[in-house]
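Undergrad: Once you've had a glance at the structure underneath, I'll fire off some questions.
What follows draws every value from the coordinates through simple rules; no lab data is involved. It should be emphasised that the depicted structure is a prediction, and the values quoted were computed from it without experimental measurement. Every residue, glycine as well, gets a Cβ built from its backbone with ideal geometry; the counts of neighbours run over all protein chains shown.
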Amino acid sequence: MKGRQVKPIIHIENVHKYFAKIHALCGVTLDVQRGEVVVIIGPSGSGKSTLLRCINRLEEYDSGRIVVDGIPLDTAENINTVRREVGMVFQSFNLFAHLTVMDNLVLAQRVVRKRPRGESEKVARGLLEKVGIPDKALAYPIQLSGGQQQRVAIARALAMNPKIMLFDEPTSALDPEMIKEVLDVMLALAQEGMTMVVVSHEMGFARAAANRMLLMDEGLIIEEATPEELFSSTHERTKKFLGKVLH
């Protein structure tokens with residue numbers, strides 16, 4: 001309808017988070033629209049990962065409000081509902097070492113989505129094709145490179161048909177030659193219209209995929225802009241940070 005305001009898929013309002021005396025998030029407010037790719041950058045300890053983890057309540061916040069796809073994160077039931085709709089990929093791959101790649105991809109589908117084994121395997125095979133490792137279904141995580149393990153982790157998150165994907169520095173534990181294969185998968189997801197919030201130092205990916213970038217420092221969003229605007233920012237803090245990460 002014309003003139004009707006579109007509700008954001010993620011609504012974060014005045015969120016505060018403390019770790020003992022450290023004020024990790026200082027009243028952060030942010031809306032993410034459906035299909036938007038938001039890349040969060042900033043120095044270590046600026047609150048980026050904490051903010052990301054608050055979106056699916058892996059981290060409990062002290063005050064403020066977060067609503068994901070119309071569901072406030074205020075009851076255990078709501079939190080579980082939201083977690084089913086939000087995929088998350090971490091720095092460490094968190095795969096089950098004793099399970100094959102196929103079983104890693106099938107497990108949550110069976111338990112959470114209640115899909116039969118045949119359907120779960122079909123979904124898994126399609127996703128291994130999508131992330132470029134269809135031949136690794138019967139391999140164990142230890143037999144894979146870091147880049148391949150991270151692509152399995154992405155496929156596992158996608159197997160749950162999430163509405164939103166959160167990425168917490170997904171390439172920071174990888175060797176340089178493996179980074180591109182993971183970023184290519186993420187870029188393809190962005191181009192397909194997946195809603196993504198990505199904490200990353202990969203500026204090339206941000207430039208190619210992000211609709212919007214945020215610079216965080218000391219628990220605050222210092223600046224938010226399109227990649228083009230942010231990379232040519234005159235803001236002192238942004239210039240200083242980019243000066244260190246852009247070689």
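Undergrad: Kindly express, to the nearest 10 degrees and within the range 0 to 90, the angle between helix 101-111's C-alpha long axis and the longest C-alpha principal axis of the chain.
TA: Taking the Cα atoms of the chain, the angle to 101-111 is about 80 degrees.
Undergrad: Roughly how tilted is helix 76-85, in degrees to the nearest 10 and between 0 and 90, from the longest Cα axis of the chain?
TA: Approximately 70 degrees, to the nearest ten.
Undergrad: With the dipole of segment 1-137 worked out from charges on the C-beta (+1 for Lys and Arg, -1 for Asp and Glu) around the Cα centre, which of G64, Q33, L51 lies farthest toward the positive end?
TA: So the residue furthest toward the plus end is Q33.
Undergrad: Here is a further query. 5 Å is the cut-off here: which amide hydrogens, built 1.01 Å from N in the peptide plane, fall below it relative to E36, excluding neighbours closer than 5 in sequence?
TA: M196
Undergrad: Here's another thing I want to ask about it. Can you give the Rg and Dmax of segment 84-160 based on its C-alpha atoms, in angstrom?
TA: Cα-based Rg and Dmax for segment 84-160 come out at 11.2, 30 Å.
Undergrad: Give me the net charge of E129's neighbourhood, meaning all other residues with Cβ under 15 Å from the Cβ of E129; Lys, Arg count +1, Asp, Glu -1.
TA: +1
Undergrad: How large is log10 of I(q)/I(0) for segment 138-247 at q = 0.16 Å⁻¹ when the intensity is taken from the Debye formula with one equal scatterer per alpha-carbon?
TA: Each listed q maps to, in turn, -0.80.
Undergrad: Highest first, please rank the peptides 116-126, 143-153, 28-38 by the mean number of other Cβ atoms sitting within 10 Å of their residues.
TA: Result, highest mean Cβ count within 10 Å first: 143-153, 28-38, 116-126.
Undergrad: Here's a follow-up. For the chain, what does -39500 (n - 2.57) per DSSP helix run (n ≥ 4), summed and divided by total residues, give at 222 nm, in deg cm²/dmol to the nearest 500?
TA: My calculation for the chain gives -11500 deg cm²/dmol from helical runs alone.
Undergrad: Would you mind classifying segment 1-121 by shape? Square roots of the alpha carbon gyration tensor eigenvalues, ordered a ≥ b ≥ c; an a/c under 1.5 is rounded, otherwise it is prolate if a/b is larger than b/c and oblate if not.
TA: oblate
Undergrad: Semi-axes, largest first, in whole Å: what does sqrt of 5 times each Cα gyration tensor eigenvalue give for segment 123-195?
TA: Semi-axes (√(5λ), whole Å): 18, 16, 10.
Undergrad: Answer rounded, prolate or oblate for segment 58-117, using the Cα gyration tensor with square roots of eigenvalues a ≥ b ≥ c: rounded when a/c is under 1.5, else prolate when a/b is larger than b/c, else oblate.
TA: Since a/c reaches 1.5 but b/c is at least a/b, the shape of segment 58-117 is classed as oblate.
Undergrad: Still on this structure, please answer the following. Suppose R0 equals 22 Å. What FRET efficiency, 1/(1 + (r/R0)^6) with r the Cβ-Cβ distance, do D62 and E229 give to the nearest 0.05?
TA: Here the calculated transfer efficiency is 0.10.
Undergrad: Efficiency by 1/(1 + (r/R0)^6): what FRET value for V111 and D74, r their Cβ-Cβ distance, R0 = 25 Å, to the nearest 0.05?
TA: Result of the calculation: an efficiency of 0.50.
Undergrad: P(r) for the chain: what percent of alpha-carbon pairs falls in each 5 Å bin, starting at zero?
TA: Histogram of Cα-Cα distances, whole percents per bin: 1, 6, 13, 17, 18, 17, 13, 9, 4, 1, 0, 0.
Undergrad: Additional query: How big is the dipole moment of segment 1-146 about its Cα centre under a simple scheme where the beta carbon of each Lys and Arg is +1, that of each Asp and Glu is -1, and everything else is neutral? Debye, nearest 20, please.
TA: 300
Undergrad: If I take every Cα pair under 8 Å that is 6 or more residues apart in segment 173-247, average their sequence separation and divide by the length, what percent do I get for the relative contact order?
TA: Reported relative contact order: 19 percent.
Undergrad: Dipole magnitude of the chain about its Cα centre, charges +1 at Lys/Arg Cβ and -1 at Asp/Glu Cβ only, in debye to the nearest 20?
TA: 660
Undergrad: Each residue of segment 19-29 in turn: what ³J(HN,Hα) in whole Hz from Karplus with 6.51, -1.76, 1.60 and θ = phi - 60°, glycine and Pro shown as x?
TA: Ordered by residue, 3J(HN,Hα) equals 10, 6, 8, 7, 8, 6, 10, 10, x, 7, 10 Hz.
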